[in-house]
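Remarks on the structure that follows.
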Amino acid sequence: MKSILIVEDEQAIARVLAAYLRKAGFDVRHAADGPTALTLFDSDVPALVLLDVMLPGMDGWDLLRLIREKSPCPVIMLTALDDIQDRLNGLNAGADDYMSKPFMPEEVVARVNAVLRRNPHWTAEGEGKRYFGNLVIDLAGVTHELKTPVTSIKGLVMAVRDDIVSPQEGKEFLDIALKESERMERMVADLLDYNAMSAGSVAVRHERIDLNLLVGEIIYQWKIAYEDQSPEVALHVRAGTLYTIGDALRIQQIIVNLLNNGLQATASGQTTLFDIRLRAEEQYLFVDVQDNGTGIAEEDRSKIFERFYRGEIKKRRTRGLGLGLTYSRLLAQAQGGDLTLTSSSPKGSQFTLKLPRWKSPDATTLEKAYRSPVNA
């Protein structure tokens, strides 16, 4: 029985491909990253490798180069990048075939059989060059993140429809497909929000807001949404009332994003802890949000507010477009404030939301006061 090594970090896609390949008579092994793939490759050279380009850490291009140094084993590249130059780079780097996501699982099996019928693989001379401007890299990342759940959903549903899996596993496949659709919905919403903000079409209100009251309500509602994970949040407010001028909904979006990021950054098996402090300095109010996550790598700290940027650790932990912090900072700045990373270490990170302090206005310029609860 011929062995196929699937190197794909998206578990749903890997499971679908494995199911179809096993039904076609292949033995299948799976690796979610480059180092694991090399270990499996060295232990037993497969008949063919299905290799995703955008892997965490070592990417598919680097892994292809290392495979080529070891063996002429056939390699089919799998990627969401469908530009013609990407295809040429892959083929010039030594790949035998190149498939763009989303793809049909049956087509992957057909391509595998076709490549295995060909003559022995030719060896490429070195790795293909890859030069992209910042914008192209950004769009490539967005394309990958959006196409990946599409590929997963399509493959999962087809596997159930075609009776590739058992009824019990089919139900599990449909549950995964539902989660993938929800993830894609969130990413599309993030992209639309960012686009609207960049175009200046997002309305930002300027109302007097009791910041102590608002932040308390935001935390209360957020904890209900994540009750199953039991996060602990300590809120420290200054005695008296702190008023800011801003938009309650936009402040909620910023703080919820920081809380979600902190939750995702928490190490496995560890209780999520937040320490949130409200303080005032001259003309501004500050909301310090401290988490107990694993921290942000030093090389990533200067880039975390760039659009579409996601550090390697976050890429491995959770899927997304890398727009959350970018959009949150834009919202803060639209209210006359800012959002900054104050500190980060392996023990956690602290972000600070800066907002303008409310000044008692003249009778002719009274602002409407914030009174009602925020919407969940």
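The values are calculated or read from the model by the stated rules, or taken from the named source; none is laboratory data. Small disclaimer: the values here were computed from a predicted structure and weren't measured. Backbone-built Cβ (ideal geometry, glycine too); neighbour counts: all protein chains shown.
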Return the total of residues in region 269-299 being of a type in the set (A, V, I, L, M), modelled with pLDDT of 90 or more and over 11 Å from Q350 (Cα atoms). 4
Could you check, for region 195-213, whether at least one of its residues is in contact with a strand residue (DSSP E or B) (Cβ under 7 Å, 6 or more places away or on another chain), surrounded by 19 or more Cβ atoms within 10 Å (Cβ to Cβ) and of a type in the set (A, V, I, L, M)? yes
Looking only at region 187-203, decide whether some residue is touching a Gly at 6+ places or on another chain (Cβ under 8 Å) and within 28 Å of L235 (Cα to Cα). yes
Check whether at least one residue in region 77-90 is in contact with a helix residue (DSSP H, G or I) (Cβ under 7 Å, 6 or more places away or on another chain) and modelled with pLDDT of 85 or more, and report yes or no. yes
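Picking from L146, L135, which residue would you name as being in the same structural domain as L66 (by TED's automatic domain parsing), in a helix (DSSP H, G or I), surrounded by 13 or more Cβ atoms within 10 Å (Cβ to Cβ) and modelled with pLDDT under 70?
Result of the check over L146, L135: L146.
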Do you know which residues across region 278-293 are in a strand (DSSP E or B) and closer than 15 Å to T244 by Cβ? L278, R279, A280, E281, Y284, L285, F286, V287, D288
A careful count of residues in region 3-53 that are part of a loop (DSSP other than H, G, I, E, B) and touching an Asp or Glu at 6+ places or on another chain (Cβ under 7 Å) gives 5
Kindly indicate whether any position in region 172-186 is in the same structural domain as E10 (by TED's automatic domain parsing), under 26 Å from Q290 (Cβ atoms) and under 17 Å from the mean Cα position of the chain (by Cα). yes
One residue is enough: does region 214-231 have a residue meeting the conditions under 24 Å from D338 (Cβ atoms), without any contact (Cβ under 8 Å) to a residue 24 or more places away in the chain, part of a helix (DSSP H, G or I) and in the same structural domain as L353 (by TED's automatic domain parsing)? yes
Looking at region 227-251, which of its residues are charged (D, E, K, R) and under 30 Å from S268 (Cα atoms)? E227, D228, E232
For residues that are of a type in the set (S, T, Y) and under 20 Å from the mean Cα position of the chain (by Cα), scanning just region 229-268, find the one that is modelled with the highest pLDDT. T266
Conditions first: (1) part of a helix (DSSP H, G or I); (2) modelled with pLDDT under 60; (3) among the hydroxyl-bearing types (S, T, Y). S152 passes all but one, so which condition is the exception? (2)
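Specify which of the listed residues (S100, S71) is among the polar types (S, T, N, Q), in the same structural domain as E10 (by TED's automatic domain parsing), modelled with pLDDT under 90 and in contact with a strand residue (DSSP E or B) (Cβ under 9 Å, 6 or more places away or on another chain).
Sole residue among the options that is among the polar types (S, T, N, Q), in the same structural domain as E10 (by TED's automatic domain parsing), modelled with pLDDT under 90 and in contact with a strand residue (DSSP E or B) (Cβ under 9 Å, 6 or more places away or on another chain): S100.
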Single residue of region 322-374 satisfying the filter (assigned to a loop (DSSP other than H, G, I, E, B) and in contact with a Lys or Arg (Cβ under 8 Å, 6 or more places away or on another chain)) that is modelled with the highest pLDDT: G337
